[in-house]
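Notes to accompany the following structure.
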Amino acid sequence: MANGKDKNNGGNLGFEAELFKAADKLRGNMEPSDYKHVALGLIFLKYISDAFEARHAQLLAEDPQAAEDKDEYLADNVFWVPKDARWSHLKANAKRPEIGTLIDDAMRAIEKDNESLKGVLPKDYARPALNKVMLGELIDLISGIAMNEGGDKSKDVLGRVYEYFLSQFAGAEGKRGGEFYTPRSVVQVLVQMLEPYQGRVYDPCCGSGGMFVQSEKFVLEHGGRIGDIAIYGQESNYTTWRLAKMNLAVRGIDSDIRWNNEGSFHKDELRDLRFDHILANPPFNISDWGGDRLREDPRWTFGVPPVGNANYAWLQHVYWHLAPFGTAGVVLANGSMSSNQSGEGEIRKAMVEADAVDCMVALPGQLFYSTQIPACLWFLARDKSNGKRGNDTLRDRRGEVLFIDARNMGTLVDRTRRELSDADIQKIADTYHAWRGEKEAGKYVDIPGFCKAATVEEIRKHSHVLTPGRYVGAEVAEDDGEAFTDKMQRLSAQWREQQQEAARLDTAIEANLNELGYGG
């Protein structure tokens, strides 16, 4: 990271990538799944230390006595960092062989003084297998992040770095990476379509918390205040839950994220709460979800989901948790749109007939780190009659579902992975907003090959299969004003000319080969 002015401010786009490259070099032979916790834990420590030091300096200037009062920090949503846990202390001792123990002590001290971080921070830096020289170098590297930035700018840069590192580790871990990270462009589609301006936001399988980070960003970018939304989530993997808690803390986001190893189906931590916006990327096609123990569950509004596949259990769990005007976006495997196994077709039919389905989006392949299975987005709504959104009311969409086929969108960012561009995301979201009748969203029109507003009657004709390709039809060829017969004549003449040219070249090549003595 020794590239001058970019070192500290993170203003340039390559900043996070450069930093990750440098950090990855230090990893040596360590597995990405282990190294992830080492690197992210230190970035987190740097963040809370920077935030503390900034507030500390402020308080010292205003009232030196208050600078040592823990409550002054907590009231300002800043974690209290004891002296020996501060980044400056670790940086000063980075080259000492006992640096691992010093980091562990710092993590324990921070957890002791901050109730919300209990059990969250990694505390195994002293383990013999961890190279202490590498740890010291990693501390030096991370020391350069946002070094000269104050307050919000520092928080934003460190938040970006944390998020970028998460995405890179997800890529390095492949299949397992998908368990804690949903690609940013997929989250962006959900956030831009649902527009979580205010109210309660929930993710029942929240991974490392990416849905929440993007929701908060959305609120800020649209002139709202972070306090306008309240964040709730649940995660069954303890290690991933810890990543989420740190990810949100790095962003200064208040949240109620619950962990239990039974998961959202068997121990619904927030059972009595209803939410305005739900965003979820549940694991696809889970067969061992314990459905046999939940045959009588009240959440199964539209039918009991099959024991061998959790897809329709997730959809109904999400729908159950929607507030009266709530909307949800759920990422699922494509099979969910058309499967008829074990009563899934009947559940889907019941959902369509009850007007629970608002919109279906088919996504391109290769978007995910964990699977090559093509995915789709289900958008659910509790009330499509006027669908309140903030102070606005949307148009009555009962008896109608919007289908969007985005399979041809996105560009390959490497050999195995595709990303949707900001323009792609905007096009999908704008189409949905226009169809919902949002103010200033423009007039909705069906576009052959891309989008179609279908009636329930049309969906019935397709046996309640919800694959967008069945409804949007084929893309219309561009009309260039040339009559079909003229065009055929012109193209046929062109083809004949090319055939003659090809024959002429063959003869010329043959003659040249004969001249050189290689002829047949």
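General observations
- Between ASP140, ASP124, ASP203, the distinction of being under 20 Å from THR240 (Cβ atoms), open to solvent by 10 Å² or more (accessible area, probe 1.4 Å) and at pLDDT 90 or above belongs to ASP124 only.
- The residues in region 449-474 that are part of a loop (DSSP other than H, G, I, E, B) and either out of contact with any helix residue (DSSP H, G or I) (no Cβ under 7 Å at 6 or more places or on another chain) or touching a residue at least 60 places away in the same chain (Cβ under 8 Å) (or both) can be counted, and the count is 8.
- Within region 432-448, considering residues that are small (Gly, Ala, Ser) and part of a loop (DSSP other than H, G, I, E, B), the one surrounded by the most Cβ atoms within 10 Å (Cβ to Cβ): GLY437
- The set of residues in region 377-386 being open to solvent by less than 10 Å² (accessible area, probe 1.4 Å), touching a Ser or Thr at 6+ places or on another chain (Cβ under 9 Å) and touching a residue at least 60 places away in the same chain (Cβ under 8 Å) consists of TRP378, PHE379, LEU380.
- Selected residue [part of a loop (DSSP other than H, G, I, E, B), at pLDDT below 90, buried (at least 20 other Cβ atoms within 10 Å of the Cβ) and not aromatic (Phe, Trp, Tyr)] from SER208, SER215: SER208
- Count - residues of region 53-92 that are within 26 Å of LYS132 (Cα to Cα) and surrounded by 19 or more Cβ atoms within 10 Å (Cβ to Cβ): 5
- Residue that is farthest from GLN316 (Cα to Cα), among those in region 224-235 that are open to solvent by 30 Å² or more (accessible area, probe 1.4 Å) and at pLDDT 90 or above: ALA230
- Here GLU221 fulfils each of the conditions (1) free of Cβ contacts under 8 Å to residues at least 60 places away in the same chain; (2) crowded, with 24+ Cβ neighbours inside 10 Å; (3) of a type outside the set (S, T, N, Q) apart from (2).
- Subset of region 266-312 [closer than 30 Å to ASP228 by Cβ and among the charged types (D, E, K, R)]: LYS267, ASP268, GLU269, ARG271, ASP272, ARG274, ASP276, ARG299
- For region 415-431, the criterion of a residue being over 21 Å from the mean Cα position of the chain (by Cα) and either surrounded by fewer than 16 Cβ atoms within 10 Å (Cβ to Cβ) or in a helix (DSSP H, G or I) (or both) is satisfied by no position.
The values are calculated or read from the model by the stated rules, or taken from the named source; none is laboratory data. In this text the structure is predicted, and so the values were computed from the model without any measurement. Virtual Cβ from ideal backbone geometry, glycine too; neighbours counted across all protein chains shown. Please note that ligands, DNA and RNA were not included when accessible areas were found on the heavy atoms of the full protein model with its side chains. Shrake-Rupley method; radii C 1.70, N 1.55, O 1.52, S 1.80 Å.
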